[in-house]
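Notes to accompany the following structure.
What follows is calculated from the coordinates using simple rules that are stated; it is not laboratory data. Please read all numbers here as calculations on a predicted model, not as lab measurements. Here Cβ is always computed from backbone atoms with ideal geometry, including for glycine, and neighbour counts include all displayed protein chains.
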Amino acid sequence: MRRPAPSILRSCVHRRFGISFVGCRSQPAVRCFSTDQLWRGVRSTSFSNSLDFKDGSESTFPVFRVLNAMGELDSGVELPFSMDEGVEMMRMMIKSKVYDDVLMTMQRQGRISFYCTNYGEEATSVGTAAALKSQDMIWPQYRELGAFLWRGLTAQEIADQNIGNEGDRSKGRNLQVHYCMLEKNMQTVHAVLGTQIPQAPGAGYAYKLDKEDRVSVAYFGDGAASEGDAFTGFNFASVYGAQTLFICRNNGYSISTGVEDQYKGDGIAARGPALAIPTIRVDGNDLVAVYIATQAARKKCVEEKTPILLELMTYRVGDHTTSDDSSAYRKEDKEEVKRLSGVGPLPRWKKFLESRGMWDDEKTKEVEVAAREEMLQAMKAGEAKKKPPLRELFTDVFSDLPWHLEEQAAYAEQHCREYSSSYNMHTVRGLDGPAPSADPKRIASAPRVLPPAPRGEAKETTMVQAINDALSIALASDSRSVLFGEDVAFGGVFRCSVGLRDKYGEDRVLNAPVAEQAIAAFAVGLSVAGYKAIAEIQFADYIFPAFDQIVNEIAKYRYRNAGGGAGNITIRAPCSAVGHGSMYHSQSVESYFAHCPGLKIVIPRGPKQAKGLLLAAIRDPDPVLFFEPKVLYRARIEGPDGQVPVEDYELPIGQAEVVQEGTDVTLVGWGSQIGRLQAAAAKAAEEGISCEVVDLQTIIPWDVDTVQASVEKTGRLIIAHEAPQTNGFGAEISAKIQERCFLHLQSPIQRVCGFDTHFPYAWEEFYVPSASRVLAAIKASVSF
């Protein structure tokens, strides 16, 4: 006997306004009561012998509208806000337009370099922002000026940001219109299209966990909806029931690409029901409809623990940016553009207010004149300010400047003064005096604060169990920590998270859909909401779909926000050779990420290091990539490295360890390569050559002082890593040690690395930098 299939459409009617969301979350899509087969993840339980292809045309989305183009409110509809609030929204929309006018003129005059207007889309940002609550987190794109104004962004702050002066919240680091008000729950405008969409569900899930009356709101356009980030963001929010509003401004264009070339389906709204997201399409030029829909969506989102998708239909009246000339590609002629402008949000709402005796042309002129003067004065004041101090170029990359940034900052301060005629010194605050003296303690590469040394009982443990212990301690010691990734609930493909879901609950140990970019993005949202995010990428080889989120978002988050935002993020990934992995299960990817400022990178060599360094990484205020050499997971490590303290402990990030002392040659490596270096050193000792083995442990920030001290003693350096030689991290070590130890070197620095090929299956033993290859390099070094 089969249960009748539930309808794919479910209407949730808001009685007051007749608002209906299309979607279904009432029935889980996991049952099929056929006697023949059992399929999970689908709703249909019926069979058919008709070949019937579905293209989505069976259902359409009406456009929710209550205020027509003439400014007439539908019969029986009451305003969801007071008339005073309606007047204030009118003022904000006018301000947005006037500010756009002035700043576009500033760009044409060369006083700012770039600008992006909001013409015709004022209601989508003002109307939604007014309907939200102040505690709601907004993830804006670049046409949300109205939302920023509604939350209190001032003309002076706008001017300072567009100029990039010392008054700018982001310290002059961001392109124009990239506003930020963290204290008002508005993240920095996202420049990379669509990256905020999968980040918002992370915060929305945190609000669900905390049982807060709060939603996470991602704004984006029809072009961004084509990004993979959009689909994965929708899916993650749906799977996790994240309290997230997705607000799409469908204005018809993504720069020059019209919607006809952007998608062939029924707009953006059609994508919601496919992922069980309640969805509505709204007239984005109707301020009242936008407000009603947003208010109802927010209520439903919090009460039903579900994401909501709103597609706001509007029209981009202006050019994409001041770098664009839309007349070269617009499908509408000038008359049609003029007509569309006439039915836009400002003329429509003006007519309504006039009909109620609340507005007239004189008030319009009054607001326009005041707004124009306000922005002109703000620009004048902003242009009189200097750029931030040069040191701010280096701050906020990490929570505290590591040695190499301290070194670079000291160099920059000294150099620009020595060559002052080459720079606009007078425009930068603080360059009119002598260079500040560098603090030797801060240029030292050793960690500035060391954790307590491990104590108590230790027992022989595999690396996989040590990692499991570290994850369990992290989850137990901080209730605001979440572990997630592909197959994590089951224990992970390498079994590193076995038993943790049973211990800490399904809300904190989560399986993730197979979408690495969304795993990384979800971590951002969790971190912004105050959680520690512990993400697992199943193999380091599969981290590249997340590359954009890691290098353009996670790494830059603190810097672009001038100190606030995402930080408590650890991304774990098994890496390196395993004996049979070939090119997609064997890569060492550290050098790709070492080139990107803002990321710490850790690679342990054994169980003791894995547990202590992983706990330190999870508790570090900066994002950490934690790469685990999978060949070591179940290897028996004899000696101290295999003896793992039972209790909670940390090992310092940024500190190398001299694993074996020697006098003739320094061998530097990390991860599983340390075992090969030790084997090579043992062979060399048989021939009377004494090798010092240094485990870097942390790639960024790396401990240059420890390596330097060793090389000054031995006079020789060999660096070994599995990654290909060209542009591997060994090249950076070699360059820096050559700078510091040139007069101490008795032979050229050598690198023993993977070859510049892809990782092979048949020739793995020849590809990896084996002990014999290291031994050959040792002999060559001492015989030079």
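Each residue, GLN725 and LYS54, gets one label point 7 Å from its Cα in the Cβ direction; the gap between the two is 5.7 nm. Taking a point 7 Å out from the Cα of GLU362 in the direction of its Cβ, the residues of segment 63-97 whose backbone N falls within less than 19 Å of it are 87-88, 91.
Simple rule: put +1 on each Lys or Arg Cβ and -1 on each Asp or Glu Cβ in segment 459-645, find the dipole, and look at ALA512, GLY530, ALA540; the Cα lying farthest toward the positive end is GLY530.
Once the Cβ-Cβ distance of ASP333 and THR257 is raised to the sixth power relative to R0 = 25 Å, the FRET efficiency obtained is 0.85. Comparing Cα centroids, segment 400-417 and segment 97-137 end up 37 angstrom apart.
Under the convention that each Lys and Arg Cβ holds +1 and each Asp and Glu Cβ holds -1, the size of the dipole of segment 535-608 around its Cα centre is about 340 debye. Taking Cα centre as origin and charging only the Cβ of basic (Lys, Arg, +1) and acidic (Asp, Glu, -1) residues, the dipole magnitude of the chain rounds to 1180 debye. Rounded to 0.05, the FRET efficiency of the SER437 and ARG111 pair, given R0 = 30 Å and the Cβ-Cβ distance, is 0.20. A simple rule links phi to the HN-Hα coupling: the Karplus curve 6.51 cos²θ - 1.76 cosθ + 1.60 with θ = phi - 60°, which for segment 387-394 gives 6, x, x, 4, 4, 5, 4, 9 Hz, with x for Gly and Pro.
What is the sum of charges around ILE749, taking Lys and Arg as +1, Asp and Glu as -1, for the other residues whose C-beta is under 13 Å from the C-beta of ILE749?
Here the charged neighbours net out to +2.
Taking amide H positions as modeled 1.01 Å from N, with prolines and chain starts lacking one, the residues under 5 Å from LYS532 and 5 or more places away or on another chain are SER481, VAL482. Return one number: the angle in degrees, 0 to 90 and rounded to the nearest 10, between the long axis of the Cα atoms of helix 516-528 and the longest principal axis of the Cα atoms of the chain. With rounding to tens, the tilt is 80 degrees.
Here the peptides 452-462, 742-752 are ranked by packing, the mean other Cβ count within 10 Å, and the order with the highest first is 742-752, 452-462.
Assign one of three labels to segment 664-784, namely rounded, prolate or oblate, based on the Cα gyration tensor with a ≥ b ≥ c the square roots of its eigenvalues; rounded applies when a/c is under 1.5, prolate when it is not and a/b is larger than b/c, and oblate otherwise.
Oblate is the answer for segment 664-784, as a/c is 1.5 or above yet b/c matches or exceeds a/b.
If the chain between GLU457 and LYS713 were fully stretched, how many nm would it gain, using 0.36 nm times the residue separation less the Cα-Cα distance?
88.6 nm
Rounded if a/c is under 1.5, else prolate if a/b is larger than b/c, else oblate: which is the chain, with a ≥ b ≥ c the root eigenvalues of its Cα gyration tensor? Oblate, since a/c reaches 1.5 and b/c is not below a/b. Of interest is the spacing of the C-alpha centroids, which for segment 435-494 and segment 532-591 amounts to 16 Å. Please report how far the C-alpha centroid of segment 616-666 lies from that of segment 745-784, rounded to the nearest whole angstrom. A separation of 23 Å, based on Cα centres. Projecting the Cα positions of SER96, HIS320, CYS575 onto the charge dipole of the chain (unit charges on Cβ atoms of Lys, Arg, Asp and Glu, taken about the Cα centre) puts SER96 furthest along the positive direction. Is segment 403-444 rounded, prolate or oblate when judged by the Cα gyration tensor, a ≥ b ≥ c being the square roots of its eigenvalues, rounded requiring a/c under 1.5 and prolate requiring a/b larger than b/c? Here segment 403-444 falls in the prolate category.
Computed from label points 7 Å out along Cα-Cβ, the spacing between SER46 and ARG495 is 4.7 nm. Under 26 Å of direct C-alpha separation, and excluding same-chain neighbours fewer than eight residues apart, LYS208 reaches these lysines: LYS133, LYS184, LYS299, LYS300, LYS305, LYS503, LYS532. Calculated from DSSP H runs of 4 or more alone, at -39500 (n - 2.57) each and per residue, what is the 222 nm mean residue ellipticity of the chain, nearest 500? So the helix-based figure for the chain works out to -10500 deg cm²/dmol.
Using packing as a proxy for protection, rank 406-412, 286-292 so that the peptide with the highest average count of other Cβ atoms within 10 Å comes first.
286-292, 406-412
When peptides 603-614, 133-144 are sorted by average Cβ neighbour count within 10 Å, with the highest value leading, the order is 603-614, 133-144.
For MET70, neighbours were defined as the other residues whose beta-carbon sits under 13 Å from its Cβ, and their charges (Lys and Arg +1, Asp and Glu -1) total 0. Taking a point 7 angstrom from the Cα of VAL449 along the C-beta vector, which residues in segment 625-653 have backbone N less than 19 Å away? Hits in segment 625-653 for VAL449 at 19 Å: 648-653.
Against the chain, whose longest principal axis comes from its Cα atoms, helix 345-355 is set at around 40 degrees. Taking amide H as placed 1.01 Å from N in the peptide plane, GLN660 has its amide H under 5 Å from the amide H of VAL693, each at least 5 places away in sequence or on another chain. Cross-link pairs exceeding 27 Å between alpha carbons, from the set LYS386/LYS600; LYS713/LYS736; LYS97/LYS264: LYS386/LYS600; LYS97/LYS264.
Label separation (VAL514 vs MET70): 5.7 nm, computed from points 7 Å beyond Cα along the C-beta direction. Applying a DSSP loop filter and a limit of 14 other Cβ atoms within 10 Å to the GluC sites (Glu not before Pro) in segment 624-680 leaves GLU638, GLU647, GLU661. Close amide-amide hydrogen proximity is noted between PHE64 and ARG281, VAL282, ASP283, each under 5 Å apart and 5 or more residues distant or on a separate chain (H modeled in the peptide plane; Pro and chain starts excluded). If R0 is 25 Å, the Cβ-Cβ spacing of SER472 and ALA682 corresponds to a FRET efficiency of close to 0.10.
The angle between the Cα long axis of helix 122-131 and the main principal axis of the chain comes to about 80°, on a 0 to 90 degree scale.
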